[in-house]
């Protein structure tokens with residue numbers, strides 16, 4: 001597959017891809033806000049983070065930061081929870097920053113699911129810390145171990161969702177919009193989420209056969225006289 005090249009940040013396809021991911025993340029954020037918290041105050045699965053992590057992989061960290069800011073700001077306005085904007089946006093930016101560092105330095109040695117788990121845990125912990133500082137309620141620090149557990153579960157769900165999308169969606173959908181680092185591409189030019197090519201072995205076998213025929217005995221090759229007799 002053709003390796004993705006560097007593209008301009010303001011290219012039309014890049015902005016269109018970012019807009020679609022932002023809209024999907026905003027819709028997911030608004031739908032999830034309609035449901036009550038899970039077990040703990042403010043604890044949610046954070047399914048909208050699927051699209052911010054996806055943007056990080058197919059576009060880059062700058063676009064992922066833009067997506068989080070726009071999604072959080074518009075989501076808080078549309079849901080009427082402006083008071084939650086401060087710690088929600090801070091936690092989202094911390095989560096994307098941690099994910100970007102992991103993608104830059106340890107991916108693909110660690111999986112997408114592992115990156116998602118770490119980012120989700122950091123998101124919950126950062127959100128809780130900011131909430132405690134703003135509301136002056138230090139007793140909320142006692143929820144941090146439980147929020148970490150919820151973050152692990154949420155990170156696994158989000159990570160598998162992103163992994164499945166990268167596997168299921170054709171790579172040409174992201175061509176011209178993605179900006180992968182060179183180390184995230186394999187030596188044969190495949191994208192990091194592409195399965196290995198099935199026809200690699202037959203091509204090598206055919207090449208070996210061609211080499212054998214070229215190195216064969218000239219006496220075994222049909223002569224022009226044989227061709228004339230056969231005619």
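Taking the stated definitions as given, is residue 76 buried (at least 21 other Cβ atoms within 10 Å of the Cβ) and modelled with pLDDT under 90? Criteria not met by residue 76. Would it be correct to say that residue 136 is under 28 Å from residue 24 (Cα atoms) and at pLDDT below 90? Against the criterion (under 28 Å from residue 24 (Cα atoms) and at pLDDT below 90), residue 136 does not qualify.
Scanning the stretch 46-70 for residues that are under 14 Å from the mean Cα position of the chain (by Cα) and on the phi > 0 side of the Ramachandran plot turns up just one, 60.
Remark: residue 113 matches the filter, which requires a residue to be in a helix (DSSP H, G or I) and farther than 14 Å from residue 147 by Cα. Kindly indicate the residue of the stretch 6-42 that is crowded, with 16+ Cβ neighbours inside 10 Å and either at pLDDT below 70 or touching a strand residue (DSSP E or B) at 6+ places or on another chain (Cβ under 6 Å) (or both) and also nearest to residue 69 (Cα to Cα) among those meeting that condition. Looking at the filtered set, the residue picked out is 42. Residue-level check: of (1) assigned to a helix (DSSP H, G or I); (2) within 21 Å of residue 18 (Cα to Cα); (3) modelled with pLDDT under 70, residue 191 misses just (1).
The values are calculated or read from the model by the stated rules, or taken from the named source; none is laboratory data. Note that the structure is predicted; figures quoted are calculated from it, not measured. Cβ coordinates were reconstructed from backbone atoms using ideal geometry, including for glycine residues, and neighbour counts include every protein chain displayed.
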